Structure formats: structure tokens, C-alpha cells
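Worksheet: one structure, shown below.
Each value in this text was obtained by applying a stated rule to the coordinates, not by laboratory testing. Model, not experiment: these values are computed from the prediction. Don't worry about glycine lacking a Cβ; one is built from the backbone with ideal geometry, like all the others, and counts go over all protein chains shown.
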There are 2 protein chains.
Amino acid sequence: MAAASSRRKVTSSAALVSHDVQSRLKGDILDGRFPPGSKLGTALLQETYEASVGTLREALSHLRSEGLVEMEAGRGFRVAPVSAEDLRDVSALYIEFEERAAVDSVRHGGDAWETDVLTSFHRLARIEALPREERIQRSSEWLLCHRAFHDALVSGCRSRWLLRLRAPLYDHMERYRLLSQKHRPLSMHKRREHELIREAALSRRAEEVGELLRQHLEETTQTVLRHAPQFMPGAG
Amino acid sequence: MAAASSRRKVTSSAALVSHDVQSRLKGDILDGRFPPGSKLGTALLQETYEASVGTLREALSHLRSEGLVEMEAGRGFRVAPVSAEDLRDVSALYIEFEERAAVDSVRHGGDAWETDVLTSFHRLARIEALPREERIQRSSEWLLCHRAFHDALVSGCRSRWLLRLRAPLYDHMERYRLLSQKHRPLSMHKRREHELIREAALSRRAEEVGELLRQHLEETTQTVLRHAPQFMPGAG
DNA sequence: CTTTAAAAAACTTTCGAAACTCTGTTGCGT
DNA sequence: ACGCAACAGAGTTTCGAAAGTTTTTTAAAG
């Protein structure tokens with residue numbers, strides 16, 4: 001009841017349950033609900049997402065090529081494992097790509113880019129301004145906004161391939177961040193950093209954006225690495 | 001008839017028709033049998049590869065995330081289009097990754113790496129030494145050996161992620177090369193270049209390997225770009 | 001003759017069951 | 001008791017048909 005569906009399917013568009021399952025599964029892997037290395041059996045997934053085997057398989061197949069899921073022929077799927085080494089590897093490349101894409105965006109981004117940065121920052125800032133309590137409660141919303149802000153920053157980059165390759169790296173970084181987050185206090189000073197980045201970006205100070213981003217991301221990685229032993233079974 | 005299957009499935013290993021279909025389909029896209037932009041309809045594929053819809057879908061799904069296939073919800077799959085701009089983009093990143101991975105391999109590769117480079121070069125050289133006629137006839141074999149040589153060169157790289165991201169770029173480069181090959185004479189001087197690269201690699205002259213590789217690859221890209229108008233519908 | 005709307009054909013997407021493979025167990029032989 | 005082989009259970013992989021969209025065709029009205 002309530003409001004009848006107010007959104008109109010103008011031309012059509014894609015319900016596509018396969019895509020929906022993929023998103024949810026990805027989310028559940030990123031936030032550790034399916035821990036690294038755990039088995040993704042047919043029965044369990046079918047029960048969890050209420051989709052058929054084929055549909056699940058398609059979603060898993062896609063996640064596999066993003067490196068979040070591994071497959072052993074005849075033995076099904078598992079969540080990709082984590083390790084300090086892998087984190088350092090992912091992180092180094094991600095930071096580099098992000099910096100390059102952001103610098104290029106600042107130098108060549110158009111009106112659409114500026115608008116994107118502005119609005120996505122605004123949304124992020126609103127959540128980050130909240131008191132700690134509420135900020136934690138709405139953390140899934142923060143995740144979306146944080147991703148949107150970083151995506152917006154690099155969205156002006158002229159190399160489609162650099163952006164394409166960056167995407168899965170962001171996911172892996174987010175997984176590591178979330179896995180470690182349960183074992184450490186929430187850092188609240190990122191808010192200021194985001195503000196500085198936005199400021200530099202909109203003022204078209206490319207070099208400075210690169211510097212700030214690199215610092216911002218490297219610090220995050222260090223923090224996560226510091227707490228690695230607590231969420232990675234056999235990591236020193 | 002002939003020899004009964006002499007290969008033993010020791011522990012098992014993966015028949016996995018899905019993987020097989022994927023390989024063949026990828027090959028057919030790379031060599032232009034399915035031209036850029038062409039539709040990959042269910043019926044056609046089912047007839048070509050003799051697999052069920054679900055299996056096809058899984059293969060397509062995987063190829064999609066490598067960027068060789070595109071999907072529009074509700075409208076099925078198409079072969080990814082080509083353009084001069086895309087080629088320049090892919091090429092720049094591929095060259096950079098290849099150079100970095102190769103240099104790292106030369107500096108840190110162990111015995112296994114050396115052996116790989118040695119044997120894969122040997123196989124490649126044997127084919128490239130053939131007279132033009134035969135060399136062309138066995139071009140599919142050359143493709144495999146060429147790929148194996150380049151893979152071997154970078155296989156010592158310590159960054160798993162750099163290698164992982166490099167892989168799909170190689171495929172795209174190969175597609176462009178093959179598409180343009182029908183419109184230009186086969187260049188025969190690559191043979192010497194491969195030899196120089198092998199020499200420098202096994203002598204652990206990292207810088208030189210990087211230089212040679214970059215030149216080698218950049219020249220290829222330029223050659224392909226020069227013939228672009230002939231195989232890209234609307235490219236200048 | 002053009003435009004619009006309804007019906008049909010073609011196609012994509014999803015499903016659930018059949019076929020097959022792996023894993024752990026039980027029973028037999030040494 | 002130990003090792004090996006056949007057996008049973010669980011799980012993965014593949015298939016072909018049903019359900020749902022998009023595109024084309026057809027027909028009617030302006």
C-alpha cells in the first residue's frame with residue numbers, strides 16, 4: 001500500500017537479479033560476513049540470496065575476476081584469502097592509480113567533474129560531521145558516500161582503462177579496512193583530510209591533491225597493517 | 001583409435017567445459033572471427049560451441065570483466081568495440097606494466113624464471129626462424145609462443161596484482177594486432193628484438209630490458225595505429 | 001502516407017532438476 | 001592393526017525448458 005510505485009519505467013532498465021545478487025554478495029564479502037577463505041557453497045548461498053544456482057554462479061564468476069572470490073575446478077568457490085603481503089601489494093598499486101587518476105582529473109576535469117566532487121563531498125561531510133555514536137550507526141551509508149567521493153575525484157581522468165583497473169583495487173582496500181575496523185577505534189580525523197582534498201581539487205591544485213591523497217591513503221594502509229595480526233589468522 | 005588417452009588424471013583436474021568454451025570464445029574474439037561490436041546471441045553461440053545457455057553465460061560473464069565483451073541488461077552481449085583512442089589508452093598502460101614487471105623480474109627472478117625465459121624464447125625463436133611461408137601458416141602456434149615468452153619475461157615480478165592487471169591488457173593488445181594484421185605485411189624484424197631482450201634479461205641488465213621492451217612495444221602500437229583506418233569503421 | 005497502437009516473434013534471463021565429481025566412510029583382505 | 005577398494009553422501013557443474021523483455025511486424029486510425 002502506501003505510495004504506489006512513483007518511479008516510472010520509462011524505456012525499461014535492468015532489474016537483473018543477477019546484478020543484484022552480485023552486489024549483495026560483494027557487500028557481504030567486503031564487510032567480513034563471509035570471512036576470507038570461507039567456503040561459498042551452493043546451498044548456503046541459495047538460502048541466503050534466494051536465487052538459483054545458475055544466477056549465483058554468474059555472480060560468483062564475476063566476483064572471481066575481481067579477485068574477491070577464488071574457484072577451484074570441481075571444488076567450488078571460496079572467499080579470497082587475505083595477507084599482509086597482499087595488502088601491501090594492493091595498496092601500493094591502488095595508491096598510485098588513485099593519485100594519477102585524481103591528478104589527471106584535476107587538470108582535465110570539466111563541469112560535470114566539479115559538480116560530482118562538490119556534491120559527493122557534501123554528502124560525505126554531512127555524515128562525518130555527525131557525533132561518533134550516530135556516525136557508527138550509519139556506517140553503511142558512510143561507506144557509500146566515501147566511495148562516491150573518491151570515485152568522483154578520479155572520474156575526470158581521461159584514461160578509461162586506469163579507472164577500470166582501479167575499481168577492483170578499491171574494493172579490496174575497503175575489505176581490508178573493514179576487516180581491521182572491528183579491532184581498532186574509529187579514526188575521526190579523516191574528516192579534515194577529505195576537506196583539504198576537496199579544497200585543493202576544486203582550486204585545481206593538482207600536485208597538492210596528489211600529495212594529500214597519497215598521504216591520506218598511505219596512513220590508512222599503515223593503520224590497517226598495524227592491526228593485521230588481529231584479523232589475519234597467521235600474519236606477523 | 002590411434003593412441004588411447006595416454007594422459008592420466010592423477011588427482012583429477014578440471015575438464016570444466018565452461019573454461020574450455022571461454023578459451024575458444026576468447027580466441028575467436030581476439031582474431032576477429034567475432035568482429036568488434038558484433039552481437040553474441042545465444043542461438044549463434046550455442047550452435048558454435050555446443051554448450052548450454054548457462055555455460056555460455058558464465059563464459060561471457062568472465063570475458064565481460066576482462067573488457068572483451070560488453071553487456072546491456074536485457075539486450076544480451078556484444079563484442080567490445082575498438083577505437084584508436086582505446087588502443088592508445090590500453091597500449092600506454094600495457095607498456096608501462098610490462099616494463100615494470102619485466103624490470104622487477106630481471107632484478108628478482110629466480111631459477112624458475114630464468115628457465116622459463118630460456119625455454120619459451122627457444123620455442124618462439126624456432127618458429128620465427130621459419131621461412132615466411134610456413135611462419136604464416138603456423139601463426140596460431142606463434143601466437144601461443146609469443147604470449148608465453150612475454151609471460152615468462154614478467155613472471156618473476158613480485159607484485160601479483162601487477163601481473164593480474166597486466167593480463168587482460170595483453171589480450172586487448174593482441175586483438176588490435178590481429179585485427180590490423182590482415183591489412184599490412186607481416187613484420188619480420190621482431191625476431192631480432194626478441195633475441196636482444198632475451199639476451200639482456202638473462203644477463204640481468206634490467207634497465208636495458210626495460211628500454212628494449214618499451215621500444216619493441218611502442219613500435220608495434222605505432223604500426224597498428226598507422227593501419228587503424230582500415231580495420232576501424234570510423235577511425236581517423 | 002504517416003503515425004500510433006496492439007499482437008507476434010525473437011531473444012534474454014532465470015530456474016530447478018539431472019549428471020557428474022569429489023570426500024569421507026565402511027568393510028574386506030592382507 | 002594397517003592399507004586398499006568399493007560404497008554412500010554431499011556438493012558442483014551442466015543442461016533444457018519456463019518466464020519475462022525487447023524488437024519487429026501488422027493493422028488501424030488520423
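Do the sum for chain A: with -39,500 (n - 2.57) for every DSSP H run of n ≥ 4, divided by all residues, what is the mean residue ellipticity at 222 nm, to the nearest 500 deg cm²/dmol? Don't skip to the answer; put the middle values down first.
Details: 11 runs with 160 residues, N = 236.
Calculated from helices alone, the mean residue ellipticity at 222 nm is -22000 deg cm²/dmol.
Give the Rg/Rh ratio for segment A:126-204, taking Rg as the radius of gyration of the Cα atoms and Rh as the Kirkwood radius, to two decimals.
Looking at segment A:126-204, the ratio lands at 0.99.
Would you mind giving the average projected area, over all directions, of the Cα convex hull of chain A in nm² with one decimal?
Numbers: hull surface 62.8 nm².
The directionally averaged projection comes out at 15.7 nm².
Which one of A:TYR176, A:TYR49, A:TYR94 has the biggest mean-square fluctuation once chain A is modelled by GNM with Cα springs under 10 Å?
A:TYR49
Which residue fluctuates the most in chain B, going by a Gaussian network model with Cα springs under 10 Å, if the choices are B:GLY110, B:GLY210, B:GLY156?
Highest fluctuation of the listed residues: B:GLY110.
In what sequence do B:HIS19, B:HIS146, B:HIS172 fall when counting other Cβ within 10 Å, fewest first?
Values: B:HIS19 16, B:HIS146 20, B:HIS172 23.
Placing the least packed residue first, the sequence is B:HIS19, B:HIS146, B:HIS172.
Multiply the residue separation of B:GLU66 and B:HIS19 by 0.36 nm, subtract the distance between their alpha-carbon atoms, and state the gained length in nm to one decimal. Walk me through the intermediate numbers first.
Numbers: separation 47, 0.36 × 47 = 16.92 nm, distance 1.44 nm.
Once the chain is fully extended between B:GLU66 and B:HIS19, it gains 15.5 nm.
Taking neighbour counts of Cβ atoms within 10 Å as a proxy for exposure, in what order, fewest first, do B:GLU66, A:GLU207 appear? Walk me through the numbers before you get to the answer.
Working: B:GLU66 16, A:GLU207 11.
With the fewest neighbours first, B:GLU66, A:GLU207 line up as A:GLU207, B:GLU66.
Projected area of segment A:93-147, taken from the Cα convex hull and averaged over every viewing direction, in nm²? Write down the numbers at each step before the final one.
Details: hull surface 17.8 nm².
Spelled out: convex hull of the Cα atoms, projected over all directions, averaged, 4.4 nm².
With a sphere of radius 10 Å drawn around the Cβ of B:GLU85, what net charge do the other residues whose Cβ falls strictly inside it have (Lys, Arg +1; Asp, Glu -1)? Let's see the in-between values first.
Details: positive: A:ARG158, A:ARG160, B:ARG88; negative: B:ASP86, B:ASP89.
Taking every other residue near B:GLU85 into account, the sum is +1.
Whole number please: convex hull volume per residue, Cα atoms of segment A:17-79, in Å³. Intermediate results must be reported in sequence, preceding the final value.
Numbers: hull volume 4.6 nm³, N = 63.
Taking the convex hull of the Cα positions in segment A:17-79, it is 73 Å³ per residue.
Would you give the gap between the C-alpha center of segment A:119-162 and the C-alpha center of segment B:86-114, rounded to a whole Å?
Taking the Cα centre of segment B:86-114 as reference, the centre of segment A:119-162 is 34 Å away.
Would you order B:ASP111, B:ASP116 from fewest to most other beta-carbon atoms within 10 Å of each residue's own beta-carbon?
On the way: B:ASP111 7, B:ASP116 19.
The most exposed by this proxy come first: B:ASP111, B:ASP116.
With r as the distance between the Cβ atoms of B:GLU96 and A:HIS122 and R0 = 35 Å, compute the FRET efficiency 1/(1 + (r/R0)^6) and round to 0.05. Present the calculation step by step, with values, prior to reporting the outcome.
Numbers: r = 35 Å, r/R0 = 1.01.
Result of the calculation: an efficiency of 0.50.
Where does the protein assembly as shown land on the Kirkwood hydrodynamic radius, alpha-carbon pairs, in angstrom?
On the way: mean 1/r = 0.0402 Å⁻¹.
Result for the protein assembly as shown stands at 24.9 Å.
Which value does Rg/Rh take for segment B:87-226 over its C-alpha atoms, Rh per Kirkwood? Walk me through the intermediate numbers first.
Numbers: Rg = 14.3 Å, Rh = 15.2 Å.
That ratio equals 0.94.
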